[in-house]
1. Find the residue count for the range 163-180, including only residues that are near the ligand (Cβ under 10 Å from one of its atoms) and among the polar types (S, T, N, Q).
2. If I filter the range 104-121 for residues that are charged (D, E, K, R), free of Cβ contacts under 8 Å to residues at least 24 places away in the same chain and within 20 Å of S162 (Cβ to Cβ), do I get at least one hit?
3. Against the definition (of a type outside the set (K, R), in contact with a Phe, Trp or Tyr (Cβ under 9 Å, 6 or more places away or on another chain) and farther than 12 Å from C133 by Cβ), how does S159 come out, yes or no?
4. Wholly within the range 134-209, which helices (runs of 4 or more DSSP H) include no fewer than the required count, namely at least 1 residues that are surrounded by 13 or more Cβ atoms within 10 Å (Cβ to Cβ) and hydroxyl-bearing (S, T, Y)?
5. Do we have any residue at all in the range 80-88 that's without any contact (Cβ under 8 Å) to a residue 60 or more places away in the chain and either β-branched (V, I, T) or within 16 Å of T16 (Cα to Cα) (or both)?
6. Tell me which of these V30 doesn't satisfy, since it passes every other one: (1) closer than 30 Å to A198 by Cβ; (2) over 20 Å from the mean Cα position of the chain (by Cα).
7. With respect to A105, is the statement that it is away from the ligand (no atom under 13 Å from the Cβ) and not charged (D, E, K, R) true?
8. State whether the residues of the range 155-162 include one that is at pLDDT 95 or above and either away from the ligand (no atom under 16 Å from the Cβ) or closer than 30 Å to A198 by Cβ (or both).
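The values are calculated or read from the model by the stated rules, or taken from the named source; none is laboratory data. Everything quoted here is computed from the prediction, not taken from an experiment. Every residue, glycine as well, gets a Cβ built from its backbone with ideal geometry; the counts of neighbours run over all protein chains shown.
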Amino acid sequence: MPYIVTLTGGIGSGKTAVSDLLGGHGAAVVDTDVIARALTAPGGAAMPALSAAFGDQVAAADGGLDRARMRALAFNDPGARRRLEAILHPMIRAEAARQVNAATAAYVVLVVPLLVESDAYRSLTDRTLVVDCPESVQIERTMRRSGLDRGEVERILASQSSRAQRLALADDVIVNDADLATLAAAVARLHQSYLQAASAKASRASRAG
Ligand code: ATP
C-alpha cells in the first residue's frame, strides 16, 4: 500500500488547487469527487441503481444524474439523502481503493471532501492534510466559480461539518487565505515532507517483507 495523504477541506477552500499542485510535483491524485462525477455521468455505473431508487426523474435527458434535482431531493428529505449515500458511497470507496492500489507514484493524495463524515477513509490514511480558510473566503470563491447565489452556498456550508471538526483531524494544515503563489510555496514544503515520509514507509515495508 503506498503512502497516503488524505486531503480534506470545506467547499471552496482550495482542495483542487492543492491537489493539482501536489500532482504537479509528481504525487498521484485520487479524488473522490471526480470518481462520484464519473459514476453519475451519462452511462455511469451508479445510474441504474439511482434510477431504480429514485425514479427516472433523477436522470437528465443525456442519461447522467440531474444534479440540481438530486440536490433538492437530498436537501429536503434526509431519508433520500441516506439512500443516495448508501448507493454511492460504497461504489466511490471501491473505485478509490482500486486507484490507490494501482498508483505507482511516490505517494498518493486522496481527496475526500467529507472526511469528517466518512470513517472508512481514515483507516487508509497515513497523514491527514486539511486546507483551511475563513468561511467568508469560501463563500466568495464558491459563488464566483459555481454561479450559485450566496444563500445556496451558505446552505451547503451549513450542511457540511465545521472548520473545527475538520481541523481536529489534521496532521497538517494549509491556510489558503492569500494568493496562489503563497499556496504554491506552502504546498512545495509539504511535498518535500511527504516524499521523506513515503520513503521511510517504503523502507519499513521492505525491511518487514
Ligand atoms: P469545491 O469544494 O467546491 O470542490 P475546492 O475546495 O476544490 O472547492 P478549489 O476549486 O481549489 O476549491 O478553489 C475554489 C476556487 O477558488 C477556484 O476557482 C480556485 O481557482 C480559487 N482559488 C483557490 N485558492 C485560491 C487562492 N489562494 N487565491 C485565489 N483563488 C483561489
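1. Counting residues in the range 163-180 that are near the ligand (Cβ under 10 Å from one of its atoms) and among the polar types (S, T, N, Q) gives 1.
2. yes
3. On the way: of a type outside the set (K, R): yes; in contact with a Phe, Trp or Tyr (Cβ under 9 Å, 6 or more places away or on another chain): yes; farther than 12 Å from C133 by Cβ: yes.
Yes, satisfied.
4. On the way: elements: 135-146, 150-159, 163-167, 180-208.
In the range 134-209, the matching helices (runs of 4 or more DSSP H) lie at 135-146, 180-208.
5. We begin by selecting, within the range 80-88, every residue without any contact (Cβ under 8 Å) to a residue 60 or more places away in the chain; these are 80-88.
Narrowing the set further to residues that are either β-branched (V, I, T) or within 16 Å of T16 (Cα to Cα) (or both) leaves 87.
Checking the range 80-88: at least one residue is without any contact (Cβ under 8 Å) to a residue 60 or more places away in the chain and either β-branched (V, I, T) or within 16 Å of T16 (Cα to Cα) (or both).
6. It fails just one condition, (2).
7. Yes, satisfied.
8. Within the range 155-162, the first condition is being at pLDDT 95 or above, and the residues that meet it are none.
Checked against the condition, which is being at pLDDT 95 or above and either away from the ligand (no atom under 16 Å from the Cβ) or closer than 30 Å to A198 by Cβ (or both), the range 155-162 yields no hits at all.
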